[in-house]
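The values are calculated or read from the model by the stated rules, or taken from the named source; none is laboratory data. Given the structure is predicted, the values throughout are model-derived calculations rather than measurements. Neighbour counts run over all protein chains shown; Cβ positions are idealised from the backbone, glycine included. Surface accessibility is based on the protein's heavy atoms, side chains included, excluding ligands, DNA and RNA. Shrake-Rupley method; radii C 1.70, N 1.55, O 1.52, S 1.80 Å.
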Amino acid sequence: MGNQSRFAACPIADGGTSSAAWLDWLPGSPTLDFSTCSSLTVVAAHPDDETYGFGGAAAALRDRGVDVQLISVTDGGGAFADWSPARRAGLEAARRGELRRAADALGIDDVVELGLPDGELESHESALTESLVGLLTGRPPGSWCAATWRGDGHPDHEAVGRAAAAACARTSVRLLEYPIWMWHWAEPADAAVPWSRMQRVVVDASAAARKESAAAQFHSQTVPPAGGGGAVLPPDVVDRLMRVGEVVFV
Ligand SMILES: [Zn+2]
């Protein structure tokens with residue numbers, strides 16, 4: 001079940017739950033065991049979700065010689081709703097470039113861009129499911145697919161989670177779901193979050209450093225745009241994502 005009303009009730013500019021509150025509270029969840037992963041597909045609704053949500057894990061798996069494919073579902077062109085089509089196209093090109101540089105930093109050279117419309121994935125969910133089935137079919141036993149969580153609150157993130165869940169069920173790939181916006185709208189012990197299914201991602205300093213390098217690429221999201229207005233991801237949002245670390249629901 002989704003949590004879009006929770007996210008909608010918690011404007012990004014209001015700050016949301018602090019990283020300190022999370023770090024004081026987070027339960028002693030089990031650690032995700034990388035040793036059983038034979039190949040990984042990371043599905044991102046927007047360029048940057050893969051890095052903030054599962055980038056350290058992806059880098060660590062590349063270090064182990066595991067094949068990692070990144071599927072970027074949208075180009076992220078809808079970040080500023082009032083921009084002209086030309087300016088939106090420029091943003092999409094910038095975000096594709098940022099994604100390539102971030103993937104390079106993580107050690108991922110297999111990047112698939114589906115080009116579905118940012119902000120409209122609920123209307124393209126069945127097509128997305130079929131695309132993911134096609135990309136996951138034939139993966140070796142022990143393959144994983146990490147996607148944005150079905151309960152993350154952002155409509156695109158939830159649509160990606162549902163599509164990935166359906167595709168994994170059809171291809172016998174193991175689904176892992178990573179939260180992004182949950183850290184904003186949820187609270188410690190929140191009943192909307194499946195804490196008992198949570199596992200923590202623990203990586204070494206090398207993988208953590210490469211995630212930092214990848215995260216530093218997303219200027220279009222972290223720097224206020226020319227002409228006024230705030231950044232899509234304010235500094236406290238980025239800081240929270242980096243400090244709470246990566247978790248998955250299994
Ligand atoms: Zn996103």
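See the values below:
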quantity: Rounded D (µm²/s) - the stretch 68-129, Kirkwood Rh over Cα pairs, Stokes-Einstein at 4 °C, 1.567 mPa s; calculated: 104
quantity: The chain - convex hull of alpha carbons, volume per residue in Å³; calculated: 118
quantity: Length released on extending from Asp190 to Ala205, taking residue separation times 0.36 nm less the Cα-Cα span; calculated: 2.3 nm
quantity: Accessible surface ranking that places the most exposed of Trp83, Trp149 first, with a 1.4 angstrom probe; calculated: Trp83, Trp149
quantity: Amide H partners (placed H, <5 Å) of Gln69, local residues excluded; calculated: Leu40, Thr41, Val42
quantity: Most fluctuating residue given options Ala205, Ala216, Ala186, as computed from a GNM of the chain linking Cα atoms under 10 Å; calculated: Ala205
quantity: Counting DSSP beta bridges with both ends in the chain, the antiparallel % (nearest 5); calculated: 15
quantity: Within a Gaussian network of the chain (alpha carbon springs, distance under 10 Å), most fluctuating of Val133, Val43, Val112; calculated: Val112
quantity: Residue (of Ser220, Pro140, His124) at the positive-pole extreme of the stretch 122-240, dipole from beta-carbon charges; calculated: Pro140
quantity: Distance in nm between pseudo-label sites at Ala226 and Ser18 (7 Å out along the Cβ direction from Cα); calculated: 3.7
quantity: The stretch 62-137, accessible area per residue, ligands and nucleic acids excluded (1.4 Å, Å²); calculated: 47
quantity: Simple spin-label estimate for Ser84 and Ala127 in nanometres, 7 Å along Cα-Cβ; calculated: 2.7
quantity: The chain: most fluctuating residue of Ala164, Ala209, Ala86 per GNM, C-alpha cutoff 10 Å; calculated: Ala86
quantity: Quotient of C-alpha Rg and 2.2 N^0.38 Å, computed over the stretch 120-250; calculated: 1.17
quantity: Area accessible to solvent at His154, 1.4 Å probe radius, in Å²; calculated: 40
quantity: Full-extension gain in nm, Ser5 to Glu212, via 0.36 nm per residue minus C-alpha separation; calculated: 71.4 nm
quantity: Nitroxide proxy distance, nm - points 7 Å out along Cα→Cβ at Arg170 and Asp67; calculated: 2.0
